[in-house]
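Have a look at the structure below, then the notes.
The values are calculated or read from the model by the stated rules, or taken from the named source; none is laboratory data. Computed from a prediction, not measured in an experiment: that's the story for all the values here. Ideal geometry is used to build each Cβ from the backbone, glycine not excepted, and the neighbour counts take in all protein chains shown. Each accessible area value is taken on the protein alone, full model and side chains, heavy atoms only, with ligands, DNA and RNA left out. Shrake-Rupley method; radii C 1.70, N 1.55, O 1.52, S 1.80 Å.
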There are 2 protein chains.
Amino acid sequence: MKFNQLIKSLALILFLGVSTRIQAQEISAMQAPRVVSPEIADNRSVTFRVLSEKATEVTLNGSWMGFGEKLSLTKGAQGVWSVTIDPLPSSMYHYNFFIDGVSAIDPTNAHALRDGTRYASLLMVPGDESKVFQLNETPHGNITQMWYPSPSLGTDRRMYVYTPPGYDSGKDSYPVLYLLHGAGGDEDAWTALGRANLILDNLIASGKSKPMIVVMTNGNAWQTSTLREIPGITAPTRETRGQFQGKFEKSLVEDVVPYIEKNFRVKPDKNHRALAGLSMGGGHTITASLTYPDTFGYIGVFSSGIFDANADMADLEKKFIALKDSGVSNYWVACGKEDFVMESNKRLLSLLEKSGLKHEYFENEGGHTWANWRTYLSMFAPMLF
Amino acid sequence: MKFNQLIKSLALILFLGVSTRIQAQEISAMQAPRVVSPEIADNRSVTFRVLSEKATEVTLNGSWMGFGEKLSLTKGAQGVWSVTIDPLPSSMYHYNFFIDGVSAIDPTNAHALRDGTRYASLLMVPGDESKVFQLNETPHGNITQMWYPSPSLGTDRRMYVYTPPGYDSGKDSYPVLYLLHGAGGDEDAWTALGRANLILDNLIASGKSKPMIVVMTNGNAWQTSTLREIPGITAPTRETRGQFQGKFEKSLVEDVVPYIEKNFRVKPDKNHRALAGLSMGGGHTITASLTYPDTFGYIGVFSSGIFDANADMADLEKKFIALKDSGVSNYWVACGKEDFVMESNKRLLSLLEKSGLKHEYFENEGGHTWANWRTYLSMFAPMLF
């Protein structure tokens with residue numbers, strides 16, 4: 001059908017070969033429409049478009065909307081469905097279309113990202129707020145996707161290591177931030193979604209952060225890397241997952257830290273090691289810092305806390321007091337007002353208060369989102385070292 | 001609507017709380033079907049499924065099919081569309097669904113890949129033939145996504161560097177393969193689609209290839225990296241593209257090679273430098289090796305050749321003779337029988353014949369595909385150094 005239309009249009013163009021320019025433009029408008037999506041207006045409102053003559057329903061969900069919420073597109077001329085949304089704050093978002101109920105990335109958007117097992121199209125709404133995680137004209141650090149032995153987990157595993165600009169050509173030693181992802185993520189998450197490398201590039205270039213190495217591990221103790229899932233080892237079930245309790249934290253401190261300190265030029269002491277994580281990675285951060293109180297001098301817990309409502313709070317309080325006594329330069333906690341982990345976050349804050357461990361707390365709008373985690377990293381990194 | 005169904009099902013389950021296990025299973029069957037896709041049978045036939053009550057037409061195109069060819073899925077019970085295809089040879093493929101004409105990746109397949117500006121779902125059909133590019137239980141090399149200065153292009157640019165297992169902990173110096181992608185690709189293509197790092201891991205582990213460093217650059221002289229495209233610098237037009245003629249080759253030899261030889265432990269001589277590329281990258285390989293005949297001792301041209309049917313063949317023959325006189329250890333050419341570049345490939349072979357430059361030629365089934373390029377790399381790497 002489309003092919004026929006094309007042939008007709010071409011024949012028409014050939015037939016009207018002597019036509020004026022204005023006529024040619026009119027003919028051009030008769031051909032298959034060129035679909036632009038997403039289109040960001042100067043006022044930061046965004047129009048989404050998708051071409052389908054046959055679809056009966058097209059909706060979209062974006063990361064600025066509620067989970068499961070759907071926005072309907074309207075079918076216009078030539079089968080182009082579209083919707084325009086109100087201006088968005090400058091940030092990085094992602095979205096999916098649903099074509100007759102089937103999730104799809106935007107076929108005309110060349111930029112997609114993976115969040116765990118799900119792909120979505122990327123929407124960058126540029127502005128002052130997004131500058132800290134965009135690729136700017138600054139020197140750039142490198143990311144090494146590297147394999148390391150993990151004796152405590154009995155396998156080689158993969159991690160990403162960011163080295164700051166100048167690392168390769170210089171001789172300096174650097175402090176290290178160990179940065180942990182959440183459930184559903186892997187060693188790729190903090191760069192692909194969190195843009196940690198670009199955030200560090202920008203903060204270092206502007207003098208807001210000290211140059212540092214950032215180590216991004218895979219926090220799923222049952223995986224060697226995200227690649228291991230091809231062609232497919234299945235994740236543990238709810239029942240077998242308990243076997244892995246505490247194992248990642250052990251491998252982080254006993255395998256990863258020594259490997260980094262042997263293979264990179266780092267300052268290998270507590271005052272030059274920071275640990276931060278989001279959600280599940282915040283839980284890993286809490287556990288690792290309580291279990292190994294002499295390892296990390298700076299601690300960041302993003303959108304996380306004490307997940308277990310039945311946790312032994314008296315026992316935890318003792319551990320927090322021990323951590324306080326061992327000395328912590330900065331314990332920084334951040335959570336969004338609408339985050340579903342707020343109760344867990346409050347349990348953590350209560351323990352920090354009770355134990356007398358000096359800390360800072362930042363609360364902002366929004367929920368359990370990468371927009372918040374990018375913000376938290378942008379605030380936390382400048383406090384370090 | 002679905003939410004209502006869920007509520008009803010939940011109410012039913014609560015109401016039937018005293019029911020037997022068999023009843024619970026029956027209830028479960030009343031709920032939304034669990035869709036598995038792709039499902040690979042023991043005989044390597046593959047079933048694709050997608051859930052849509054509302055779609056009027058669902059088709060798919062896979063990399064084992066012709067370009068633009070469409071295979072129809074049939075709607076079955078509970079809105080599950082499916083199709084089963086004949087057994088496929090063991091390899092890595094990719095595919096897209098078309099939901100009422102809209103391209104979509106398979107929403108139940110957690111593995112997708114990017115080919116230029118287009119995303120597709122990954123299909124790994126395991127078997128003997130795929131072992132050379134799968135993640136096996138071998139030591140793994142690292143990939144560094146690194147930025148380097150390119151004085152000849154006036155900007156910092158990004159490349160991927162594979163270092164073989166043992167590089168970090170050892171002191172040895174290594175030979176280097178410079179490996180170039182095709183049009184539409186970037187510095188990510190040879191690892192994401194070509195799985196060059198896994199191919200080298202496997203060939204080195206089995207003793208078939210010498211340990212080597214592999215450098216994968218961005219062959220689009222107008223880009224600094226694929227990241228530069230976010231939030232968007234547009235590619236040159238057909239008219240302005242000519243400005244970049246020969247510039248990538250110059251930056252490769254004058255910027256990249258010296259940078260690698262300064263920053264990595266390499267053997268910095270012609271007999272320890274190889275250059276290979278596919279399609280456009282094969283063109284870059286031909287040009288760079290003719291322009292700088294003293295730089296590379298091993299040359300691989302995959303699915304490529306002399307693209308310009310009006311090229312000055314006499315002039316080229318002189319350059320090939322000069323390259324022959326400078327000494328080449330191996331000039332290896334490979335092309336698929338159905339490849340649309342066959343005429344270009346033949347022009348290259350004719351020049352090699354006429355100039356008397358010793359070379360080898362491999363021709364196999366298939367066309368301009370990553371399946372072939374993975375095969376060619378798997379054959380070429382063992383011939384090196």
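B:Lys267 fulfils the conditions (1) open to solvent by less than 10 Å² (accessible area, probe 1.4 Å); (2) modelled with pLDDT of 95 or more except for a single criterion, (1). Would you check if there is a residue in the stretch B:226-235 being closer than 16 Å to B:Val161 by Cα and within 13 Å of another protein chain (Cβ to nearest Cβ)? Within the stretch B:226-235 (the criterion being closer than 16 Å to B:Val161 by Cα and within 13 Å of another protein chain (Cβ to nearest Cβ)), the answer is yes, since at least one residue qualifies.
Exactly one residue among A:Ser326, A:Ser355, A:Ser289, A:Ser344 is in contact with a Gly (Cβ under 6 Å, 6 or more places away or on another chain) and either in contact (Cβ under 8 Å) with a residue 24 or more places away in the chain or crowded, with 23+ Cβ neighbours inside 10 Å (or both), and that residue is A:Ser344.
Elements of the type strands (runs of 3 or more DSSP E) sitting completely within the stretch B:139-258 and holding at least 1 residues that are open to solvent by less than 10 Å² (accessible area, probe 1.4 Å), modelled with pLDDT of 90 or more and of a type in the set (Gly, Ala, Ser): these cover B:142-150. The single condition from (1) of a type outside the set (Lys, Arg); (2) in contact (Cβ under 8 Å) with a residue 60 or more places away in the chain; (3) open to solvent by 20 Å² or more (accessible area, probe 1.4 Å); (4) facing chain B (nearest Cβ under 9 Å) that A:His111 fails is (2).
For the stretch A:358-385, give me each residue that is open to solvent by less than 10 Å² (accessible area, probe 1.4 Å) and out of contact with any Gly (no Cβ under 8 Å at 6 or more places or on another chain). Scanning the stretch A:358-385 gives A:Ala381, A:Leu384.
Go through the stretch A:115-133 and count every residue that is open to solvent by 20 Å² or more (accessible area, probe 1.4 Å) and at the interface with another protein chain (Cβ under 7 Å from one of its Cβ atoms). Total satisfying the criteria: 3. Candidates in the stretch B:50-75 are the residues that are open to solvent by 60 Å² or more (accessible area, probe 1.4 Å) and under 26 Å from the mean Cα position of the chain (by Cα); of these, the one that is nearest to B:Phe98 (Cα to Cα) is B:Lys70. Residues that are at pLDDT below 95, facing chain B (nearest Cβ under 10 Å) and within 20 Å of A:Gly184 (Cβ to Cβ) within the stretch A:72-108 comprise just one, A:Met92.
Taking the stretch A:58-71 as the range and being more than 9 Å from chain B (Cβ to nearest Cβ) and in contact (Cβ under 8 Å) with a residue 24 or more places away in the chain as the test, the residues that pass are A:Thr59, A:Leu60, A:Asn61, A:Gly62, A:Ser63, A:Trp64, A:Lys70. At least 3 residues being in contact with a strand residue (DSSP E or B) (Cβ under 6 Å, 6 or more places away or on another chain) and not charged (D, E, K, R) is the threshold, and among the strands (runs of 3 or more DSSP E) wholly inside the stretch B:35-130 those reaching it are B:46-51, B:58-62, B:80-85, B:91-99, B:102-104, B:118-125.
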